[in-house]
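Participant: This is the structure I want to talk about, given as structure tokens.
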Amino acid sequence: MASFKPLHILAFGATGNIGKHIVNQLIRATPSFPRISIFTSPNTVATKPELLSQWKDAGVSVIVGDITSAEDVKRAYDGVDTAISCLGRGALEHQFELIRLADESESVRWFFPSEYGTDPDHDPSSAFEKPHQFKRRVRKTFAEDVKNLKPTYLVVGPYIEMWVDGDETFGGFDIKNKKAALLGDGDQPIGFTAMEDVGKGLVAALQRPEVSVGKVLKIASFTKSPNQILAEYEKQLGYKLDTKYVPLDDVKSLEKKFWDEGSPRAVVGTLRRIWATGGAVYDKLDNEALGLDEGQLQSLEEAVRNRIQGKPF
Ligand SMILES: NC(=O)c1ccc[n+]([C@@H]2O[C@H](COP(=O)([O-])OP(=O)(O)OC[C@H]3O[C@@H](n4cnc5c(N)ncnc54)[C@H](OP(=O)(O)O)[C@@H]3O)[C@@H](O)[C@H]2O)c1
């Protein structure tokens, strides 16, 4: 597949937090990708008409259907060679069927499962982390059951926008109240990616099948410690933030309590504890192999400026 060129791309979950950025970057990369389609739900057609009409104006085909209907998905796959899943956590379980149908289809050859976060296979402890289970099973499915389809997994660490936008329980910046909360001692480096850079990374992967087919790719806009981010905030704001350091033992007990209670906060707690303990730093990034120069990606300075100015994401 080294010389493979995606000619018709179909994205699932395109209208979500990260899917939006991925589709916007695909559109920006036109004419690299002659046909871009998205598969969306009737609910999103009703709730996000402006986004869909903006994309239609840009030449994107919008297919409306139910991701749990084999008929709808088969119809959508007709003529598609590359599928990109950006489905949210609540829909990750539906990917197994999407992958099976893609594998059976006559045209789909390349599939990007919904990853775009922490590597669920980072180290031996990753196997036991609850939020990783669906993503690990998808990787296993590709390794053991899939015949005609190649995967690419894009690992990007935490999105800087969402990471700073946390709270005092599991870390975050609250500039309105001049406060910050950091986990542990705040010195653990983390590989962060800005959301638009996730889209750029995905486009770069599509444009370089020789680098990306069958691979787990790891990218980051920048790798910095929470204390370095705090220092950048204070420099740009011109004043100190009242900063609380949350002990990792407190994070772990709260994380356990939320899992026991079935709270959605549990996933946030686990992922933030993983990031605060070295789970989003890598021996080697694929930025260079993908042609992602530093100048193309957000810097810490730019990311903090965007957050201080309240830029929507
Ligand atoms: N690195 C990070 O910091 C970070 C943060 C958040 C998420 N992520 C990862 O990014 C990926 C995408 O997450 P996201 O937050 O972008 O997704 P999201 O906004 O929650 O959902 C994406 C789209 O999936 C579709 N969908 C269909 N059924 C769904 C269901 N039952 N539950 C949720 N979504 C459903 C919807 O699109 P349609 O209606 O158009 O079909 C929705 O707009 C996930 O793998 C997630 O783990 C990473």
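The values are calculated or read from the model by the stated rules, or taken from the named source; none is laboratory data. Worth saying up front: this structure is predicted, and the values here are computed from it rather than measured. We place every Cβ from the backbone using ideal geometry, glycine too, and count neighbours over all the protein chains shown. With ligands, DNA and RNA removed, areas are computed over all heavy atoms of the protein, side chains included. Shrake-Rupley method; radii C 1.70, N 1.55, O 1.52, S 1.80 Å.
Participant: Between the stretch 123-170 and the stretch 219-272, what's the alpha-carbon centroid distance in Å?
Facilitator: One Cα centre to the other: 19 Å.
Participant: Using 1/(1 + (r/R0)^6) with R0 = 30 angstrom and r between the beta carbons of LYS5 and PHE96, what's the FRET efficiency to the nearest 0.05?
Facilitator: Once the sixth-power term is evaluated, E becomes 0.65.
Participant: Also, quick follow-up: Quick one: if the Förster radius is 25 Å, what FRET efficiency do SER32 and GLN54 give, using the C-beta to C-beta distance and rounding to 0.05?
Facilitator: So, using R0 = 25 Å, E works out to roughly 0.80.
Participant: Any chance you could list the semi-axes, whole Å, largest first, of the equivalent ellipsoid that the Cα gyration tensor gives for the stretch 8-151, using √(5λ)?
Facilitator: After diagonalising the Cα gyration tensor, the semi-axes are 25, 17, 15 Å.
Participant: Using a Förster radius of 22 Å, what is the FRET efficiency between SER125 and ARG265 based on their Cβ-Cβ separation? Nearest 0.05, please.
Facilitator: Working from the Cβ atoms, E equals 0.60.
Participant: What accessible area per residue comes out for the stretch 1-80, rounded to a whole number of Å², with a 1.4 Å probe?
Facilitator: 49 Å²
Participant: Return the lysines within reach of LYS240: Cα separation strictly under 25 angstrom, same-chain partners fewer than 8 residues apart disregarded; answer none if there are no such residues.
Facilitator: Answer for LYS240, where 25 Å is the Cα cut-off: LYS176, LYS178, LYS179, LYS224, LYS311, listed by chain and number.
Participant: What residues have an amide H closer than 5 Å to that of SER85, excluding those fewer than 5 places away on the same chain, when H is modeled at 1.01 Å from N in the peptide plane?
Facilitator: PHE12, PHE112, SER114
Participant: Long-range amide H contacts for GLN298: which residues qualify at under 5 Å (H placed 1.01 Å from N, peptide plane, sequence gap of 5 or more or a different chain)?
Facilitator: So GLN298 has HN proximity to ALA194.
Participant: Using amide H atoms built 1.01 Å from N in the peptide plane, name the residues 5+ places from LEU183, or on other chains, whose amide H lies under 5 Å from its own.
Facilitator: HN-HN under 5 Å from LEU183: VAL246.
Participant: Give, as a single signed number, the net charge of other residues whose beta carbon lies under 14 Å from the beta carbon of LEU101, with Lys and Arg counted +1 and Asp and Glu -1.
Facilitator: That sum, taken over residues with Cβ under 14 Å, equals -4.
Participant: Kindly provide the pair-distance distribution of the stretch 156-313 built from C-alpha pairs, with 5 Å bins from 0 and whole-percent values in order of increasing distance.
Facilitator: Histogram of Cα-Cα distances, whole percents per bin: 2, 9, 18, 19, 18, 15, 10, 6, 2, 0.
Participant: I'd like the Karplus ³J(HN,Hα) series for the stretch 5-13: coefficients 6.51, -1.76, 1.60, θ = phi - 60°, whole numbers in Hz, and an x wherever there's a Gly or Pro.
Facilitator: Each residue's phi maps through the Karplus curve to give 10, x, 10, 9, 9, 10, 10, 9, x Hz.
Participant: Can you report the principal axis dimensions of the chain using only the alpha carbons, biggest first, rounded to whole angstrom?
Facilitator: In descending order, the Cα extents are 57, 40, 39 Å.
Participant: Hey, any idea what % of the chain's accessible area is carbon plus sulfur with a 1.4 Å probe?
Facilitator: 49 percent
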